[in-house]
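Have a look at the structure below, then the notes.
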Amino acid sequence: MTSYESLFPPRTIKAVGDTYILGIESSCDETAAAVVRSGEELISNVVYSQIATHHPYGGVVPELASREHLRAIVPVVRKALADAGKTYETVDAIAVTRGPGLAGSLLVGLSYAKGLAFALDKPLIAVNHLEGHIHAVLLEERQNGNDELQFPVLALVVSGGHTHLYLAERRDSGWTYRNIGHTRDDAAGEAFDKVAKLLELGYPGGPVIDFLAQHGNPNAVKFPFAQIKHRDRNPQNRHSGDEQRTDFSYSGIKTAVLRYVEVHTMADSIQHRRAAMKAIARPTPQDYLAACDRHTLDLVASFQHAVVDDLVSKTLSAAMEHGVATLLVTGGVAANSELRKTFEMRAAEEGIPVLFPSRKLSTDNAAMIAAAAYPRFLAGEFAPADVSSDAALRLG
Ligand code: KG4
Ligand code: ZN
């Protein structure tokens, strides 16, 4: 059964005129702040990326991330307000990511937002980061004049930390989510990052692999994926209604790439690239391309092709199983060109519209946090003064 509904619930508290929400996000390695008007217009969006700090380590170092957030949070928030022509006093509420994410990183954003809300006597809204990714799509749809959504909606949140499928519904006081799939081990973005690290392609791996894959043969190496139909044996990952689940697993492909590298004695080529990139302060994707032989490009293209095919096939089969009318694909990996193209093509074959955020709002940002907070603002769902962060916060 398909239904059309407005993207927002009826207002339960009177919002007089426009509502400006200041969003703050610090769950991983981006310190971000943004101002969004009434959940439908991006007024300012500032993202301070810590990539340069973590690049030498091939992944995020949690202690360094917290320290960088502490350094960046005040100037980032000030810039977001200044870019929006707003002041601390003229925003209506503060929204902040409560989880999931790195404990120390979350703590910086939440403590700062709490302090601001208390000092300014403004409402504080605590937002789930995964819900934020979903609202990045809804914000931009509204901004583009698309006020109606066809339900049921299935959202794939695919990032460095998550590969989750949610059936999303709009209820009276906001949105509800039912998790119908998750990764059993590594997230898809994590696999991009780990394969890039193994092949000496820098951090984060997604954007570089996305670029390099366009120069290789995606069918050169076959990486098979299993259909996961048995129940998750980890009791922490159990969900109610577990019978119709679609789970993912991306740890196996990382090991398969490692085996391939060993069997095909690619160590010398990797060492050669490592030495070449050491001589460049900030290597660009073009620099990596110049340091890759055909064999490596084919491997990278085949890896990406396999992950994309698995993500798209499993998501579409879940969409058919649940009679879904609209697909949302969001999170850092949603920036991937092949993923976008493949989803658009295969979802069109099934007659299901698929919506993505712009690339800018695919990866972590605070506009999505401010947008997700708006229905909660209307419903008067404010965080208590003693709200704490939750590194393992679940959605649905
Ligand atoms: O959403 P995000 O910024 O942070 C998390 O919540 O995890 O996602 C970051 C992830 C990283 O793993 C990065 O490699 C991946 O998104 N990513 C991509 C692309 N751009 C970022 N993966 C594939 N292709 C891309 N173009
Ligand atoms: Zn994220």
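The values are calculated or read from the model by the stated rules, or taken from the named source; none is laboratory data. Because the structure is a prediction, the values reported are computed rather than measured. In this analysis, Cβ positions are derived from the backbone assuming ideal geometry, glycine residues included, and neighbour counts consider all displayed protein chains. When the accessible area is computed, the model is the full protein with side chains, heavy atoms only, and any ligands, DNA or RNA have been set aside. Shrake-Rupley method; radii C 1.70, N 1.55, O 1.52, S 1.80 Å.
Structure notes:
- Some residue of segment 169-182 being within 17 Å of the chain's Cα centre (by Cα), within 24 Å of Glu30 (Cβ to Cβ) and within 16 Å of ligand 1 (Cβ to nearest atom): yes
- Scanning segment 101-113 finds no residues that are of a type in the set (A, V, I, L, M) and under 21 Å from Phe343 (Cβ atoms).
- Arg340 vs. criteria in a loop (DSSP other than H, G, I, E, B), without any contact (Cβ under 8 Å) to a residue 60 or more places away in the chain and either within 27 Å of Val46 (Cβ to Cβ) or not acidic (Asp, Glu) (or both): no
- Output for segment 123-170, where each listed residue is of a type in the set (S, T, N, Q) and more than 12 Å from ligand 2 (Cβ to nearest atom): Gln143, Asn144, Asn146, Gln150
- Among the residues of segment 29-55, those that are open to solvent by 20 Å² or more (accessible area, probe 1.4 Å) and either on the phi > 0 side of the Ramachandran plot or among the polar types (S, T, N, Q) (or both) comprise Asn45, Ser49, Thr53.
- Summed over segment 36-63, residues that are assigned to a helix (DSSP H, G or I) and not β-branched (Val, Ile, Thr) total 7.
- Selection within segment 107-130 - over 21 Å from Asp29 (Cα atoms), of a type in the set (Gly, Ala, Ser) and open to solvent by 30 Å² or more (accessible area, probe 1.4 Å): Gly115, Ala119
- In segment 71-95, the residues that are open to solvent by 40 Å² or more (accessible area, probe 1.4 Å) and not polar (S, T, N, Q): Arg71, Val74, Pro75, Arg78, Lys79, Ala82, Asp83, Gly85, Lys86, Tyr88, Glu89, Asp92
- Condition met for Arg359 (open to solvent by 10 Å² or more (accessible area, probe 1.4 Å) and away from ligand 2 (no atom under 16 Å from the Cβ)): no
- For segment 56-70, filtered to residues that are out of contact with any Leu (no Cβ under 8 Å at 6 or more places or on another chain) and open to solvent by less than 60 Å² (accessible area, probe 1.4 Å), the residue that is modelled with the lowest pLDDT is Gly58.
- Residues being within 10 Å of ligand 1 (Cβ to nearest atom) and either assigned to a loop (DSSP other than H, G, I, E, B) or not hydrophobic (A, V, I, L, M, F, W, C) (or both) - total across segment 306-337: 5
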